[in-house]
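The values are calculated or read from the model by the stated rules, or taken from the named source; none is laboratory data. Just so you know, these numbers come straight off a predicted model, no measurement behind them. Cβ sites come from the backbone with ideal geometry, for glycine too, and all protein chains shown count toward neighbours.
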Amino acid sequence: KKDGFDWFMRKEIFEQPRAVGDALLGRHSGDGQLQLDELRLSEHDLRQVDKIVIIGCGTANYAGLVAKYAIEHWTRIPCEVELAHEFRYRDPILTSNTLVVAISQSGETADTLMAVRYARLQKAKVLAICNTNGSTIPRESDAVIYTHAGPEIGVASTKGFLTQLVACYVLGLYLAQVRATKFGDEIAAVVHELEKMPAHVQQVLDGAEAVYALARKHAGTRSVLFLGRHAGFPVALEGALKLKELAYIHAEGFAAGELKHGPIALIEEGLPVFCVMPPQGRDQLHDKMVSAIQEIRARGAHTLVLVEEGDDDVDDYADEIIRLPVVPTLLQPILATVPLQLFACELATVMGHDVDQPRNLAKSVTVE
Ligand code: F6R
């Protein structure tokens, strides 16, 4: 069943080119028009939306954080992202024009389900982004976009996450199309980039051996930090979560801009720090990230830099470099996440842990 892989997780990581392709399949026409016939919300309903609230837990929450960057940029609809278990305990402002997007791989996470029920009682419209057909969260929602990743058995979410990203991009682009906040050719251009993602993900996977070697090299470390900016910030959080849950070591993700507000005090000689470089030409973020990398390197960090091909601005400050295909900034999380999954999977394997069933964790958390 594991197709020759040692772990379901590793198998599922390598299934991601197929999964990412399937998540997009049938959702656009050849000329780049989005079509979401499956969505049970009318175009009229979607035009009324004046606020989006994305809820989820763990990895699903991080997919929501990426989605916020994309959806606000494309639609200009204010978008909040909230942990599902915090949401209903703070009296959130919801109206019939609020679109609540509930992201859940399993569709059974109790915290997310309770938040969905709460939102519907407040008359908000609820759209589920879910991987499991017929599960409770989509059944109790007004609408659903299925992610079509196929069954995810490893407890740590991998293809679940990447396909959640694709579903969020599809939703954002569809809203932009319905509300005409972007021109058709701009939307088509992004769709075209999304179509190329399976091949790009495959290219990143082809470099797996080099990432495994890094994992083996750092197997004894007590802590790993992850830095990102913009859409790379949630990627840093996701990389840290994978390492915590699989390798049981301290790992933390930060927005690189936060460094000087505290976390830089953590930097010490030899500390491995993953840095997700924003693509070149992305306003000033690229150069700011270069400075952040210089600063932590000067304080002894061992920098592992994820950077797009052709960008040699960090070559002098990176101890290790992982190259990524060149894609638009908003789509980069699909690629940048993959080496971090591989790293966590391999590090945990080397440490002798059960990668598919990490201690204290369950695949779906059906109690609050
Ligand atoms: C992390 C992980 C968890 C889940 C979270 C939500 O690898 O798997 O953080 O993402 O428990 O689960 P779903 O998406 O099933 O609601």
The listed residue being touching a residue at least 40 places away in the same chain (Cβ under 8 Å) and either away from the ligand (no atom under 16 Å from the Cβ) or surrounded by fewer than 24 Cβ atoms within 10 Å (Cβ to Cβ) (or both), out of E245, E252: E245
Could you check, for the range 140-149, whether at least one of its residues is of a type outside the set (A, V, I, L, M), touching a residue at least 40 places away in the same chain (Cβ under 8 Å), surrounded by fewer than 24 Cβ atoms within 10 Å (Cβ to Cβ) and within 16 Å of the ligand (Cβ to nearest atom)? yes
Applying the selection to the range 71-82, what residues are out of contact with any Cys (no Cβ under 6 Å at 6 or more places or on another chain) and either within 22 Å of G58 (Cα to Cα) or not hydroxyl-bearing (S, T, Y) (or both)? H73, W74, R76, I77, P78, C79, E80, V81, E82
Can you tell me which residues in the range 67-78 are over 16 Å from the mean Cα position of the chain (by Cα) and surrounded by 21 or more Cβ atoms within 10 Å (Cβ to Cβ)? W74, T75
Tally, over the range 335-368, of residues that are more than 22 Å from V273 (Cβ to Cβ) and buried (at least 23 other Cβ atoms within 10 Å of the Cβ): 1
Selection within the range 106-139 - near the ligand (Cβ under 10 Å from one of its atoms), surrounded by 22 or more Cβ atoms within 10 Å (Cβ to Cβ) and β-branched (V, I, T): T109, T112, I129, I137
Looking at L46 and the list (1) within 18 Å of the chain's Cα centre (by Cα); (2) assigned to a helix (DSSP H, G or I); (3) over 21 Å from V367 (Cα atoms), which single condition is not satisfied? (1)
Report yes if G270 is surrounded by fewer than 17 Cβ atoms within 10 Å (Cβ to Cβ), at pLDDT below 95 and over 24 Å from L331 (Cα atoms), otherwise no. no
